[in-house]
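Notes follow once the structure below has been shown.
The values are calculated or read from the model by the stated rules, or taken from the named source; none is laboratory data. In this text, all values refer to a predicted model and were calculated from it rather than measured experimentally. With ideal geometry, Cβ positions are generated from the backbone for all residues, glycine too; neighbour counts draw on all protein chains shown.
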Amino acid sequence: MVRKRVLVSGLVQGVFFRDTCRKIAGQQGVAGWVRNLPDGRVEAVFEGDPESVDRLVAWAGRGPSSARVTGVEAVEEPVEGLRAFEVR
């Protein structure tokens, strides 16, 4: 089990980024959350098995088809034991 906090820059708000992220996290069995930040970025936390979390981080680097991602920062954090994925 791993946890990664991800900050995504670019045109990532108003393009269904959060909802698509929630759907993909559910398909991958990844817990966590995703939210818009006031500066225009999206922040997400992914917890789950390493391969599934890495797939979510890779997806965040592309985003949904209408997004234009220009940067992704991912840092590993201590696992908190989240059980669901939510849009904040």
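For the range 55-78, the criterion of being acidic (Asp, Glu) and within 10 Å of the chain's Cα centre (by Cα) is satisfied by no residue at all. In the range 55-76, the residues that are closer than 16 Å to residue 43 by Cβ reach residues that are among the hydroxyl-bearing types (Ser, Thr, Tyr) and outside any helix (DSSP H, G or I) with C-beta atoms within less than 8 angstrom, at least six apart or across chains, in these pairs: 69/9; 70/9; 71/9; 72/9. When you check residue 51 against the structure, is it at pLDDT 95 or above, acidic (Asp, Glu) and more than 12 Å from the chain's Cα centre (by Cα), yes or no? It is true that residue 51 is at pLDDT 95 or above, acidic (Asp, Glu) and more than 12 Å from the chain's Cα centre (by Cα).
Looking at 54, 19, which is the one that is over 18 Å from residue 82 (Cα atoms) and of a type in the set (Asp, Glu)?
Checking each option against the conditions leaves just 19.
Applying the criterion of being in contact with a strand residue (DSSP E or B) (Cβ under 9 Å, 6 or more places away or on another chain) and polar (S, T, N, Q) to the residues of the range 47-88, the residue that is farthest from residue 4 (Cα to Cα) is 66. For the range 1-19, filtering for residues that are surrounded by 20 or more Cβ atoms within 10 Å (Cβ to Cβ) and either of a type in the set (Phe, Trp, Tyr) or free of Cβ contacts under 8 Å to residues at least 60 places away in the same chain (or both) leaves 2.
Within the range 20-77, can you find the residues that are surrounded by 13 or more Cβ atoms within 10 Å (Cβ to Cβ) and of a type in the set (Ser, Thr, Tyr)? 20, 52, listed by residue number.
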